[in-house]
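Heads up: the structure comes next, in structure tokens.
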Amino acid sequence: LEIPNMAFFLMDTKFFNALSKISFWTYLIHFMIVEKMSYEQKVDFYYTTSTIVPIYVAIAFMSLCFGFLGTILVEVPFSKLEKMLFSVLMKSGKGKK
């Protein structure tokens, strides 16, 4: 009974919350980057290990960078705005009762 509680406690830290936001943005952006890189390819070639690894690393790195930017530029400001608006609404709702 204590192990699930410990797991929930460890996963509910600021580090894992930030990591989950970044990974969700990376998930959202990853397919667009894969599409863009594959559709802009001008030459047909056979994929080998020596060609796949650099492409994979480049796509993964770009996805992580854009995921981080999306988290910093969109997710964090809008979550702060949401908290601010809800706190104002909750205070005004309590005052009317």
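The order of Ile33, Ile52 by accessible area, most exposed first and with a 1.4 Å probe, is Ile52, Ile33.
Between Met84 and Ile72, the distance separating the two model label sites (each 7 Å from Cα on the Cα→Cβ line) works out to 2.0 nm. Entry note, the chain: relative contact order of 40 percent, from Cα contacts under 8 Å with a spacing of 6+ residues. Partners of Lys91 within straight-line reach, counting aspartates and glutamates whose Cα lies under 20 Å from its Cα and excluding those fewer than 8 residues away in the same chain: Glu82. Working note: Karplus 6.51/-1.76/1.60 with θ = phi - 60° gives the stretch 71-88 the couplings 5, 6, 8, 10, 4, 5, x, 6, 5, 5, 5, 4, 4, 5, 5, 5, 5, 5 Hz, where Gly and Pro are set to x. Taking a point 7 Å out from the Cα of Val34 in the direction of its Cβ, the residues of the stretch 55-97 whose backbone N falls within less than 12 Å of it are 56, 59-60.
Helix 2-11 sits at what angle to the longest principal axis of the chain, using alpha carbons and giving 0 to 90 degrees rounded to 10? Relative to the chain, helix 2-11 is tipped by roughly 70 degrees. Looking at the chain, the accessible area is 90 square angstrom per residue; that uses a 1.4 Å probe and ignores ligands, DNA and RNA. I need the shape label for the chain. Rule: rounded when a/c is under 1.5, else prolate if a/b > b/c, else oblate, with a, b, c from the alpha carbon gyration tensor. It is oblate, given that a/c is not under 1.5 and a/b is not larger than b/c. Surface composition of the chain: carbon and sulfur atoms hold 74% of the protein heavy-atom accessible area at a 1.4 Å probe.
The values are calculated or read from the model by the stated rules, or taken from the named source; none is laboratory data. The structure presented is a predicted model; accordingly, all values stated were derived computationally and were not measured. FYI the Cβ positions are ideal-geometry reconstructions off the backbone, even for glycines, and counts take in every protein chain you see. The protein model used for the area step is the full one, side chains on, heavy atoms only, and it has no ligands, DNA or RNA in it. Shrake-Rupley method; radii C 1.70, N 1.55, O 1.52, S 1.80 Å.
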